[in-house]
Amino acid sequence: MEIDTETRKFKTYNQHFGIFRTGRWRSLDNYIGLTLVPMKSVYTMYSRSNRVNTSGKEEFRVYLVNKAKKPAIEIKKCKTREKGQNGLDELSIWLHLPVFSVKR
């Protein structure tokens, strides 16, 4: 993702062959703020003898919040809550957007 703070636009893109980027620029004015969302991924593996091995990890993602007050576009992934909160605060200052809390 690229963010242009001067024109208040961002671009999500796909990179082909490590050279060409395809995507389109969108305005940040369509979004009302930022939020930090905790995500938990659980992986389960079954062996032939029917034993179960389960592992999981937790990560924190910074999202743009749309006008319906729902997380819309992921901006950043972080492994710890502290790094996620620091990234959220930093992006909030750069983009001049308020921070919304997640309802649980």
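The values are calculated or read from the model by the stated rules, or taken from the named source; none is laboratory data. All values derive from a computational prediction rather than experimental measurement. Counting neighbours? That spans all protein chains shown, and the Cβs are built from the backbone with ideal geometry, glycine included.
Some points to look at:
- When the residues of region 22-73 are filtered to those that are touching a residue at least 12 places away in the same chain (Cβ under 8 Å) and outside any strand (DSSP E or B), the one that is nearest to P98 (Cα to Cα) is I32.
- Search result, residues across region 1-48 that are at pLDDT 90 or above, among the basic types (K, R) and surrounded by fewer than 10 Cβ atoms within 10 Å (Cβ to Cβ): R24, K40
- Checked against (1) surrounded by 15 or more Cβ atoms within 10 Å (Cβ to Cβ); (2) of a type in the set (V, I, T); (3) more than 20 Å from I3 (Cα to Cα), T54 passes all but a single condition, namely (1).
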